[in-house]
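To keep things clear, I will list the structure first and then write my remarks on it.
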Amino acid sequence: MTSIYRITFLFSGVLLFSAVTNVAHGQSIIKFWDKMQTIYQCGSKNRADEEVVVDMDGALLIDSDPFPYFGLVAFDVGGILRLALLLMVYPAAWFLRRFVSECTSIRVLVFATFVGVKVSDIASAAKAVLPKYYSEDLHPETWRVFSSCGKKCVVTMNPRIMVEPFLKGYLGVDMVLGVEISSWMGFATGFVDTRRRYGSSLVESLLAADIAIGCPGRDLPSMKMCKERYIVPYESKQAIRPVKHEDLPKAVIFHDGRLARKPTPLAALLILLWFPIGLLLSVVRVLVGSFGSVLSFYYTIQLLGCRIKVKGTPLSKIQNSQRSGTLYVCSHKTVIDPLFIATVFKTPRTAAVSYSVSRITEFLAPMRNIRLTRDRAKDGKLVKDALREGWNLVLCPEGTTCREPYLLRFSPLFAELSDHIVPVGLSINTGMFYGSSVRGYKWLDPFFFFMNPLPEYEVTVLDELPAHQTCRAGKSSIHVANHVQELIGAALKFKCTNLTRKDKYRMLAGTDGVVGQKPAGVSLTG
């Protein structure tokens, strides 16, 4: 017992000494920062030939807490158990950050998030998941100065592998100096690679920089080397409006990952508590949809908490003018779009037209699915035969889902197959989990959508396309497809783009979106 007391006493003494030392050191740093001008006093004109160095944590980003970004990666690479592990170590990381050092705190988060994970999976998550959330947290005043400079360097205490895809891919940063992670045989060890330090590179960058931007209290005394030095003062996060998406050099249109919100420590705790409840509720909702009828689904699913809103043209008007073989052409949000279209229109002979639906999802679906082959002639014949048989078809010409308020380019094939076209705009509200995925398992998509506490589908029905706007009137299929895209975009207030399925999959997964194709070094299904 005596030895235990001695060890405890010694450990407490070390912590106390570290805290006192850091407080004393911090006071000297604060005195240094007190002499600095704030970012509001920095001009942004005629800076095109100058170089800027900015501290990402607390200066470029509004929120200096790194936990949410580690949480996003943890859930993406390891699911709910990895997120639970990260949340368990968070109190220790918070204590170390507050009383010992931020560097030590980051190492704790790195270990909990990365240990045993493939480095390629970490890189994939950083490229596909994190840019959306980083782009929503940029400090407007820092960005005003940062974007005006010709050469940009960012310094961060977070792993470089996490931040570099966003900084270089979306902000045009020239150099990123961050922590390097250690790996063995392609797997992260959870430790920081101390052999690869950026000390000399940082000094060189600071010597060449015209402007340095940091946050008060951060130990970057080498910023004294820069010609101009500014700090971003601490302010209430609610009082700062992040940079608008349209003001960024490149908008984040495509992103992946299952979490629909940034997992702050409190939000992560709520996700952990809700997960088993949500999983059970999801199974019940899926089974109700699978074994019930399409016509009864409208009422039963709403009794289970899934809301359906119908807007636009009254359904009676569409149904009165409806003929056999109508195409419901809709924007694409989840794999279960056709089910909601069929249940809203209350048309029993409705089938889905799809390409890459998993066999499990197809088995659970309570409606017919026409599987396309990517062969234009064969696909056209399949759809025309179904229309002649009197089937109403739900078709998503985008070919893939898009989470942001954008519409991808519409494939013109549908315009050649029928003159009875009803455009339908779809938008969803999830709140906790996304019901779509690029790099994950497709058959889990409906389960994740129904795991949300109160998921919502909003169906905006538009008028049937007039005869003079169809191919029968001599319009080209491309013209018709573009016109339908514009109609749906205007109704949903979405921006129309020329981006395609290939663009999305090349950006997020490194493939062309072909089923079964895998990029080199990535283990998840594409």
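In segment 118-157, which residue that is touching a Phe, Trp or Tyr at 6+ places or on another chain (Cβ under 7 Å) and assigned to a strand (DSSP E or B) is surrounded by the most Cβ atoms within 10 Å (Cβ to Cβ)?
Only one residue fits best here, namely LYS152.
Give ASP463, ASP445 a once-over and let me know the one that is assigned to a helix (DSSP H, G or I) and more than 16 Å from LEU393 (Cβ to Cβ).
Every option except ASP445 fails the conditions.
Have a look at THR511, THR525 and point out the one that is open to solvent by less than 10 Å² (accessible area, probe 1.4 Å), among the β-branched types (Val, Ile, Thr) and modelled with pLDDT under 90.
THR511
Sort out which residues of segment 209-225 are farther than 15 Å from GLN37 by Cα and at pLDDT 70 or above, and write them in order of number.
ALA209, MET225
Six or more apart or on different chains, Cβ atoms under 7 Å: show the pairs whose first residue is in segment 390-407 and more than 15 Å from ILE428 (Cα to Cα) and whose second is open to solvent by 20 Å² or more (accessible area, probe 1.4 Å) and small (Gly, Ala, Ser).
GLY390/SER324; PRO397/SER411; GLY399/SER411
Please work out which residue is modelled with the lowest pLDDT, limiting yourself to segment 419-429 and to residues that are in contact with a strand residue (DSSP E or B) (Cβ under 8 Å, 6 or more places away or on another chain) and open to solvent by 10 Å² or more (accessible area, probe 1.4 Å).
Only one residue fits best here, namely HIS420.
Against the conditions (1) at pLDDT 90 or above; (2) more than 24 Å from SER358 (Cβ to Cβ), where does LEU339 fall short? Just the number, please.
Here LEU339 clears every test but (2).
Among the listed residues ARG409, ARG439, which satisfies the condition of being open to solvent by 20 Å² or more (accessible area, probe 1.4 Å), under 19 Å from HIS255 (Cα atoms) and in a loop (DSSP other than H, G, I, E, B)?
When all the criteria are applied, what remains is ARG409.
Check every one of the helices (runs of 4 or more DSSP H) wholly within segment 278-384 and list those with 3 or more residues that are open to solvent by 30 Å² or more (accessible area, probe 1.4 Å).
294-303, 315-320, 359-364
So which residues in segment 442-463 are in contact with a Lys or Arg (Cβ under 6 Å, 6 or more places away or on another chain), open to solvent by less than 20 Å² (accessible area, probe 1.4 Å) and not aromatic (Phe, Trp, Tyr), if there are any at all?
Passing the criteria: only THR460.
Could you tell me which of the residues PHE75, PHE111, PHE166 is open to solvent by 40 Å² or more (accessible area, probe 1.4 Å), at negative phi and either hydroxyl-bearing (Ser, Thr, Tyr) or assigned to a helix (DSSP H, G or I) (or both)?
Only one candidate passes the filter, namely PHE111.
Name the residue that is most open to solvent (accessible area, probe 1.4 Å), counting only residues in segment 169-186 that are in contact (Cβ under 8 Å) with a residue 12 or more places away in the chain and of a type in the set (A, V, I, L, M, F, W, C).
MET175
Suppose we filter ALA473, ALA491 for residues that are surrounded by fewer than 21 Cβ atoms within 10 Å (Cβ to Cβ), at pLDDT below 95 and more than 20 Å from the chain's Cα centre (by Cα); which single one remains?
ALA473
All but one of (1) farther than 19 Å from CYS396 by Cα; (2) free of Cβ contacts under 8 Å to residues at least 12 places away in the same chain; (3) among the charged types (D, E, K, R) hold for ARG472, so report the exception by its number.
Condition (2) is where ARG472 drops out.
Which of the residues spanning segment 384-407 are within 12 Å of SER418 (Cβ to Cβ) and either of a type in the set (Phe, Trp, Tyr) or touching a Phe, Trp or Tyr at 6+ places or on another chain (Cβ under 8 Å) (or both)?
Listed by number, the residues that qualify are TRP391, ASN392, LEU393, LEU395.
The values are calculated or read from the model by the stated rules, or taken from the named source; none is laboratory data. This one's a predicted model, so the numbers in the text were calculated from it and none came from an experiment. Please note: Cβ atoms are built from the backbone with ideal geometry, for glycine as well, and neighbour counts cover all protein chains shown. Only protein heavy atoms, including side chains, enter the accessible area calculation; ligands, DNA and RNA are left aside. Shrake-Rupley method; radii C 1.70, N 1.55, O 1.52, S 1.80 Å.
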